[in-house]
Structure formats: structure tokens, C-alpha cells
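Bear in mind that the values in this text are calculations on the coordinates, not laboratory data. All values derive from a computational prediction rather than experimental measurement. Virtual Cβ from ideal backbone geometry, glycine too; neighbours counted across all protein chains shown.
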Amino acid sequence: MTKQSMAILAVLSLSLSAGVARAQSDPGPRSGAPGAGTPITLLSDAQTGFFNDGAARFNSTHGVDDGLGPTYNGDSCGSCHLQPAVGGSSPAVNPQVALATAHGGTNTVPSFITVNGPVREVRFKWQLGRDGSPNRHRPDGGVHALFTSQGRDDGGGCTMSQPDFAAAVASHNAIFRIPTPVFGAGLIENISEQTILDNAAANAAAKLALGIVGFPNRSGNDGTITRFGWKAQNKSLFVFAGEAYNVEMGVTNELFPNERSNPPSSCLLNSTPEDVTGGDSNDAAGTVTSDITAFALFMRFLDQPTPAPATTSTTNGAAKFSAVGCALCHTPSLTSNTTTVDALSGVQANLFSDLLVHSMGDRLADGVSQGAAGPDQFRTAPLWGLGQRLFFLHDGRTSDLMQAIQAHRSEDSEANRVIRNFNQLSTKDQQDILNFLRSL
Amino acid sequence: MRPKKSVAVTMCFCLLVLLTGTLHAQKDSGPRGGPPGAGGAFPTLNEAEMGFFNQTAMRFLEVDSVSGTIPGEGGAGLGPTFNGNSCAQCHAQPAVGGSSPVPNPQVALATLDGATNTLPSFITANGPVREARFVRNPNGTPDGGVHGLFTIAGRSDAVGCNLAQPNFAQALANNNVIFRIPTPTFGLGLVEMTPDNVLRANLVSTFNQKTRLGIGGAFNTSGNDGTITRFGWKAQNKSLLVFAGEAYNVESGVSNELFPNERSAISGCVYNGSPEDYTNIINDADGVSLTGTAADMSSDVVGFANFMMLSAPPTPAPATDSTTNGSDLFNRIGCALCHSPTLTTGPSRFTGMSNVTYRPYSDFAIHHMGSGLADGVTQGAAGPDQFRTAPLWGVGQRLFFLHDGRTSDLLVAIQAHADCGGRNRGQGQGQGFGFRPGGCDSEANGVIRNFNNLTPSQQQNILDFLRSL
């Protein structure tokens with residue numbers, strides 16, 4: 001071979017390998033023991049007792065006589081909030097597939113629920129008109145549960161069809177949400193208004209230069225900042241527990257005492273509310289608080305995730321994460337205020353979120369408004385625990401962190417300039433950021 | 001000639017006097033005296049439920065101070081801003097759980113324990129307990145939220161707090177403040193136990209009659225679970241538990257497990273960890289046990305909710321000829337099309353509360369009420385002139401009417417329902433908020449026209465009937 005052709009070959013090889021070696025890639029979920037799911041270490045014995053009682057109820061599988069249905073997405077909190085441990089997010093094997101026909105249920109599994117895909121709830125953007133098609137003058141935004149109790153051996157002869165999900169998908173009226181993990185949620189609950197607002201006002205020049213805005217969502221009840229859920233629409237763990245119990249499982253409770261979805265009387269088998277204070281013979285631990293009170297206590301006492309030990313790569317990744325501007329929304333930490341639970345008082349929560357809502361552009365927009373959060377606005381998703389999560393973004397559309405990052409960029413997204421900065425990093429720096437995220 | 005003319009004139013004059021005198025003869029006889037027709041537990045509860053009701057009533061009565069350190073004010077969490085220091089302070093007439101008493105306890109509350117609050121002009125000794133909401137933010141965007149009347153500044157248990165009250169005089173001058181009075185809570189468990197389907201069927205059942213009279217009606221629904229919300233002046237609240245949590249934080253400043261973050265938590269005014277009310281991890285009664293009764297272990301807000309849930313509805317006075325006729329007329333002229341006389345509960349967890357037919361005199365739907373009543377505030381699906389049909393059970397022993405307690409006279413309250421063709425007696429002209437006076441926007445106009453076409457004695461029958469509820 002001549003020197004010239006060797007040179008050409010070398011150049012060609014280099015180009016080829018450069019093309020192949022644009023090889024920063026999501027290393028995938030961190031293996032090993034779950035870095036989350038344990039109670040806060042400094043709880044008192046009594047508090048630990050309530051944590052355990054709450055956990056037992058959280059894991060308890062419900063049948064229709066425990067209040068499940070007539071419409072539902074899951075039959076226990078823990079079946080969907082499971083990865084990498086109870087209190088987490090969507091597991092690798094989607095329990096909703098088996099649930100459709102559990103106990104003789106005659107439900108069809110909708111197209112967007114697959115065995116290897118994420119647990120999902122469905123919301124319709126628009127209400128349906130009399131002809132069954134979406135009426136774009138009447139926003140909906142509410143959850144339409146996947147399954148009904150029809151056919152179940154404990155369903156008592158309930159006759160109720162599922163919504164027409166195929167039509168909803170075909171008419172672009174369906175959007176999805178996956179479970180949010182609740183590790184460290186007690187800390188989020190006790191971050192004061194002032195802390196959130198001070199953080200929102202911080203780094204003003206940098207945010208302005210990058211096109212980042214953000215604002216808090218607020219409660220229509222007491223006017224304070226709401227912080228839970230994909231659009232930061234929920235005020236507290238107690239409200240979230242009550243809402244989820246009725247919406248996701250159909251168990252009416254003292255917060256939400258009425259059955260949803262106008263079921264026929266053949267499906268209204270239980271006295272309401274199905275969960276009450278004063279005990280219920282189905283409680284695992286038999287304590288007197290309602291299930292929703294117990295769920296809230298369990299979630300409140302869950303510790304924040306523990307990251308993996310730092311490496312050179314993740315240390316560099318963390319630095320670059322800030323340098324390109326990710327940390328301006330994904331605030332690395334906020335400190336809780338003085339609380340009645342000592343173990344939650346004045347604790348640094350390493351949540352990687354400002355708890356504000358931001359405009360995320362047309363690729364992430366889901367068309368649903370909740371409180372002050374509009375159709376393309378979302379809460380900055382907390383990134384703690386990301387390392388052991390399987391599905392990303394509000395609808396779990398990807399398992400690849402790289403794709404999740406790129407999805408931040410689209411028309412009118414506040415993240416555009418930051419993502420451009422990210423994309424201009426070297427391959428190594430991008431890989432370090434991915435490694436850093438997978439260490440959380 | 002002269003004598004004839006003067007006789008004619010005299011006769012005309014006498015007739016005029018007679019007629020006018022007769023037209024004003026119907027009169028609100030005022031709050032029904034005698035023992036309170038409300039305040040007890042639902043009559044069919046079992047022993048455990050009755051015990052829970054009695055114990056939670058104690059919490060409803062508990063008086064709050066900032067840190068629970070003042071004798072007689074053993075509850076903790078008051079402030080930094082507040083409208084009242086105990087549920088029972090404002091929910092008191094004719095019994096605990098009711099509505100606004102006289103004298104107005106907010107007058108003394110302003111300076112209790114050394115607090116340095118100025119009494120806003122709209123709080124008077126003989127007027128109703130009120131909360132104030134600002135219609136707009138300073139930047140013109142909608143507000144609608146409650147701005148607490150008082151702060152803890154100056155109180156002996158709030159050393160170091162310098163929080164000022166809002167500028168209510170300015171808000172009044174800018175037509176930017178509206179008021180709400182307490183709603184009574186008797187019998188509300190029955191309302192909670194009424195399935196959505198029953199409320200919908202009730203609304204639809206009189207559709208034709210309503211349409212003929214210009215009445216519409218819609219439901220307010222929850223942003224959380226999509227079901228019908230039924231509590232509050234605009235039917236904005238989902239459940240007694242949500243209401244209890246919201247009121248505890250908004251009206252008394254006690255943060256709790258539902259609403260765990262303190263409002264107006266400025267530096268120097270935050271004395272307690274949050275939330276200030278919480279589930280008892282250790283039994284309060286002995287300070288040691290990890291178990292106890294529901295009443296021992298529950299948070300205050302759960303206690304309040306159960307107290308309200310387990311309460312009996314008001315008992316009407318025995319019927320008379322006048323009230324029977326009044327009830328009949330109430331239905332015939334169309335009042336009952338919104339003020340539904342009966343509803344029925346579904347299956348309930350609580351003893352004897354299943355499939356109960358009760359008499360709330362409300363459809364729990366929201367209706368347009370026109371310029372006279374519009375308050376400019378939107379809550380959920382209820383817009384600036386929409387209000388929930390106020391339940392009329394217990395109205396016989398109430399002192400103040402309409403969302404802001406602007407009148408103590410039932411006749412004035414009735415006339416205020418109309419914004420055209422009615423006979424507003426100078427009161428309740430309304431603050432406008434974009435609705436034209438005389439704009440005929442109220443759904444009640446047709447019915448009030450019917451009312452005004454009744455004879456005085458028929459109108460009196462209706463008033464007597466209402467005062468019997």
C-alpha cells in the first residue's frame with residue numbers, strides 16, 4: 001500500500017470511527033441494591049411503626065369488596081410504584097397487562113399498555129361530544145381509568161364498558177402519564193414557600209440569557225405553592241393519596257368520597273366512602289387511621305434516594321450539568337423548613353428540581369391544563385433516583401436518557417438553549433453527564 | 001263642586017295609603033326563637049360513631065393561640081394571619097356547627113391577647129362574621145383568594161412578629177374586596193353521601209320547567225377526580241375533609257396535613273414547625289401509647305371532618321297552615337326548581353345514613369345570579385356571577401343571608417336574587433364586576449317576578465315557611 005493510500009485509509013477510518021464513536025450513550029439503569037425505599041434513618045420508634053403500617057397498606061392488593069373499581073388502573077399502590085423499590089415508579093414488567101383479566105375481568109388491554117412498556121394512566125384532552133368525537137371547545141384533562149370491574153368474580157355482576165381508547169388514540173385525544181416516584185416526598189412537602197420563591201429568583205441573569213422562566217403552580221384552596229405531580233398540581237401527600245386512591249383504584253375515601261365515571265347501579269356495590277377513619281377489617285396493621293392518612297405518612301417518612309459513590313466521570317458530569325445550565329431548573333438541592341417531624345427538619349433535599357412549572361415546547365406538550373400549568377407546561381421533574389428508573393418523561397415514551405434529554409428541545413421550550421449547550425459538549429462530557437445522571 | 005272633588009281626592013289618597021300599606025304587610029318575622037333545631041349528632045349513629053362525634057366536637061370548640069401557651073387557648077398554630085381562633089367561634093348560630101352569631105366575635109378577636117389589629121370597616125358588632133377576598137391582584141390578574149383580616153403582631157405569644165394587615169380601606173376604595181360569611185355545616189354528611197348520579201338526575205328532572213323560567217344550572221367539579229363538588233358558596237369544595245383542611249389553614253392559619261405550608265410565613269412570624277396539625281403518632285391522651293381510638297389518634301382536620309359528617313340536619317318547626325301554604329307556593333312559583341326540597345343518599349358507611357331522603361332545599365348546582373349578587377370571583381367552573389344554590393335548611397334560625405351577609409331580612413334576600421324587574425330596596429345593589437345593573441342576567445328573574453305577583457298574604461306564607469326551616 002502506498003503512503004498516500006494509507007493516509008486516505010487512515011482518514012477514512014478516523015471518519016468512520018468518529019461517526020461510530022459519537023458513542024455517548026445511556027448506560028441504562030444502575031444495577032445493584034435499590035438506592036431508595038427505606039424510611040428516614042432518624043425516625044422515632046413510633047414513627048417507624050406508622051411507616052411500616054403505611055407500607056403494608058400501600059402494598060395491599062385490593063378486590064372489589066375492598067373498594068376497587070368500578071373503574072381502575074391498578075389494584076394496589078405498590079404494584080405501580082415499585083421500581084426500584086416500593087414507593088418508586090413503573091416496574092419492568094407492566095402489571096396492568098395481567099390486571100386486565102385478573103379475577104375473570106373481561107377488559108381489553110389498550111394498545112398503549114404493553115408488557116415491557118410503562119404503567120400508564122390515560123387522560124383525554126377534550127370532552128367527547130354526543131357523537132363520541134372530541135369537542136375542542138370543551139377541555140377535559142381528567143383521567144379515564146383503563147379497566148372496569150365487569151366480569152370479575154368479585155365484581156357482583158357489574159356491567160360497564162371500558163372507554164373507547166382506540167378511538168381516543170386515533171383522534172389524538174389521549175395522553176399518558178406514568179407514576180411519579182415518592183421517595184423523599186416528605187422533604188418536598190416541607191420546603192417553604194420562601195425557599196421556592198428565593199430559588200426561583202436566583203441566578204436571574206443566567207436564566208434570562210438562556211430563556212428560562214418558570215413560575216409556581218398554586219392551590220385554588222389556600223393559595224400556597226403546589227408541588228406534586230407532573231404539573232406540580234397537587235398540594236400535599238394527603239391530597240395526592242386521596243386523589244390517587246379514588247382515581248387510580250376507585251376506592252372512595254374521606255377526601256374524595258364519591259365514585260367517578262357515572263357507573264350504573266349494577267357496579268355500585270359498596271357503601272361509601274370505602275376508606276374511613278376508625279378502621280376497616282381489611283387493614284393489615286389494624287390501626288385506626290384511614291388508609292389515605294396511612295399512605296401519606298408512609299410517603300412522608302420515605303427517605304430520599306441515595307446516589308452511587310462519585311467517580312471521576314460523574315464528578316465531571318455534575319460540573320458540566322451546572323455549566324451548561326441544566327441546574328438552573330434542575331436545582332441540585334433545597335433545604336426543608338422546621339417541621340414537626342425532627343427527622344424531616346432542616347434537611348438538605350438533593351432533588352434536582354426547582355418545583356416550578358416551565359414551558360417545554362410542542363414535542364412534550366400534552367394539551368392538558370392543571371391549575372396555572374398550561375398545555376405545554378410541566379413541573380421540573382425531580383432527578384433524584386433517576387439512576388434506577390426505567391421510563392422517562394411524563395408519558396414514559398422512552399427508556400433512553402439521551403432521548404429524554406433531546407425531547408426537552410422543541411419549538412417554544414424554555415430548555416432549548418441549554419440543550420444546544422449540551423449538544424455542543426464533547427462526547428466525553430456528554431457521557432459524563434449521562435453517567436452522573438445514572439448515579440443519582 | 002268643591003266638596004265632591006275633595007272627597008274624591010281624599011278617597012284616592014286613602015286608597016293609595018291602604019294599598020301601599022297592604023303591599024308592605026308581608027314581613028320577615030325574624031329568626032325563629034326557641035331551642036336550636038340543630039347541633040346534635042345524626043340520630044341513628046352507633047356507639048362508636050356517637051363517641052367519635054362527641055370527641056371531635058371538642059376539637060371544633062378548641063381555641064387556638066400561636067403556640068398553645070395561653071390559658072384557655074390550648075390549641076397551637078394560630079396565624080400569622082387569621083379570621084377566627086376556633087371553628088366554633090364563627091360557626092355558632094344557632095348552635096356549634098352553624099353560622100354567624102351576634103355579637104360578631106371578630107370585634108374582640110382583633111385585639112385579643114394584645115394584638116394590635118385595626119378593625120376593618122366591614123366588621124361590626126352587629127354584623128356578620130366575614131372573610132375578605134380580593135378580586136384582582138395588584139397587576140390586574142384575577143386573585144379571588146382570602147386575605148386574612150388579622151395578624152398575630154402584638155400578641156403576647158407573637159413577640160418579634162411585625163406583620164401588617166392588608167390595606168382593606170384601599171381595597172374597598174378600589175371596589176376590589178368582597179366578603180363571605182360562614183356556611184352552616186349541619187347535616188353535610190348527607191350531602192357528601194349523595195352520589196353524583198343523584199345530583200345529575202335531580203338537575204335534569206325539572207329541565208322543562210326550568211327552561212320556561214330562564215333557569216339553567218351546572219355542576220362545579222373537582223380538578224382532582226372529576227366528580228361533583230358541593231360545598232362552599234360556589235360549590236367549590238369536594239369534601240368536608242378538604243374544607244376542614246382549607247379552613248384550618250386559611251381562616252385560623254393552622255397548617256395541617258392537607259395544607260402543610262403556612263400562608264404569609266414571613267421571617268419573625270413563624271413559631272412552629274409545620275404542619276401545625278398532624279396525625280398523632282403517639283396517643284395524645286397519655287403521651288405514651290402508640291394506639292388509641294380514632295378520636296385519640298386522628299389529626300384535627302380529620303376530627304373536624306367527622307364531626308361535620310356525623311351531624312344531624314336542622315329540624316324544621318312543626319307545620320302550620322301558613323307554612324304549609326307557603327311550602328306549596330314555594331314549589332308552585334318555581335323556587336323549588338333550584339332550591340330542591342329533597343335528595344336521597346346512596347349506601348353510606350355510617351349507621352342509618354344509607355338511602356336517606358333529606359331536605360336541603362338546594363340542587364347543589366351553580367347558577368348565574370346577575371349583577372346584584374356577582375362578586376367577581378371565579379372558583380372552578382363557577383364564574384364571577386355564579387353561586388351554588390344556598391341550602392335553605394336551617395334558614396329559620398339564621399341571622400344573616402346571602403354570601404356576604406349583607407342583609408338580615410329574608411325579603412331583601414329574596415329580592416336580591418333578581419337583577420331586573422325586582423324590587424331591590426336600596427340594599428344589595430351589587431358591586432357590578434362587569435355585570436350591568438338591570439342586565440337581566442340572573443336565572444332567578446322569572447321566579448322572583450312570580451313571587452312579586454303573589455298577594456301579600458301569600459308572600460307572608462312563604463316567609464313563614466322559610467322561617468320554619
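Evaluate peptide B:341-352: per residue, the Cβ atoms of other protein chains within 10 Å of its Cβ; return the mean as an integer.
Values: counts 0, 0, 0, 0, 1, 7, 5, 4, 12, 5, 0, 0.
If you average over the peptide's residues, the count of other-chain Cβ atoms is 3.
Across the residues of B:304-315, average count of Cβ atoms on other protein chains within 10 Å?
1
For the stretch B:355-459, what relative contact order do you get, as a whole percent, if you take Cα pairs closer than 8 Å and at least 6 residues apart?
On the way: 175 pairs, mean separation 32.9, N = 105.
With pairs under 8 Å counted, the relative contact order is 31 percent.
Which whole-number percentage describes the relative contact order of chain B, with Cα contacts under 8 Å and a sequence gap of 6 or more? Kindly include the intermediate steps, with their values, before the conclusion.
Values: 1000 pairs, mean separation 91.6, N = 469.
With pairs under 8 Å counted, the relative contact order is 20 percent.
Where the centroid of each part is defined by its Cα atoms, how far is the stretch B:370-421 from the stretch B:88-149 in Å?
18
Which order do the peptides B:325-336, B:45-56 take when ranked by the mean count of other beta-carbon atoms within 10 Å per residue, highest first?
On the way: B:325-336: 19.3, B:45-56: 17.2.
The most tightly packed comes first, giving B:325-336, B:45-56.
Compute the angle between helix A:3-20 and the longest alpha-carbon principal axis of chain A, please, reported from 0 to 90 degrees and rounded to the nearest 10.
Once rounded, the angle reads 20 degrees.
To make sure I understand, if each residue's beta carbon is the centre and we count other beta carbons within 10 Å, what order do B:278, A:245 fall in, fewest to most? Kindly include the intermediate steps, with their values, before the conclusion.
Values: B:278 20, A:245 26.
The most exposed by this proxy come first: B:278, A:245.
Checking the a/c ratio against 1.5 first, then a/b against b/c, what shape does the Cα gyration tensor give for chain A? Each step should come with its number before you reach the end.
Values: a/c = 1.79, a/b = 1.45, b/c = 1.23.
Prolate, because a/c is 1.5 or more and a/b exceeds b/c.
Roughly how many Å is it from the Cα centre of the stretch A:84-160 to that of the stretch A:291-307, as a whole number?
The distance from the Cα centre of the stretch A:84-160 to that of the stretch A:291-307 comes to 26 Å.
Let me confirm one metric for peptide B:251-260, namely the mean number of other chain beta-carbon atoms within 10 Å of its residues' beta-carbons. Kindly include the intermediate steps, with their values, before the conclusion.
Working: counts 0, 0, 0, 0, 4, 2, 11, 11, 9, 13.
Partner Cβ neighbours, averaged per residue: 5.
Report, in whole Å, the centroid distance computed from the Cα atoms of the stretch B:39-87 and the stretch B:201-271.
21
Going by alpha carbons, how many degrees (0 to 90, nearest 10) lie between the helix axis of A:237-248 and the longest principal axis of chain A?
Helix A:237-248 and the main axis of chain A meet at about 70 degrees.
Given the pairs A:125/B:238; A:231/B:210; A:235/A:320; A:125/A:207, which are separated by over 29 angstrom at their Cα positions?
Values: A:125/B:238 22 Å; A:231/B:210 39 Å; A:235/A:320 33 Å; A:125/A:207 31 Å.
Cα-Cα > 29 Å for A:231/B:210; A:235/A:320; A:125/A:207; rest within.
Taking only C-alpha pairs under 8 Å that are 6+ residues apart, what is the relative contact order of chain A in percent?
Numbers: 899 pairs, mean separation 94.4, N = 440.
The value is 21 percent.
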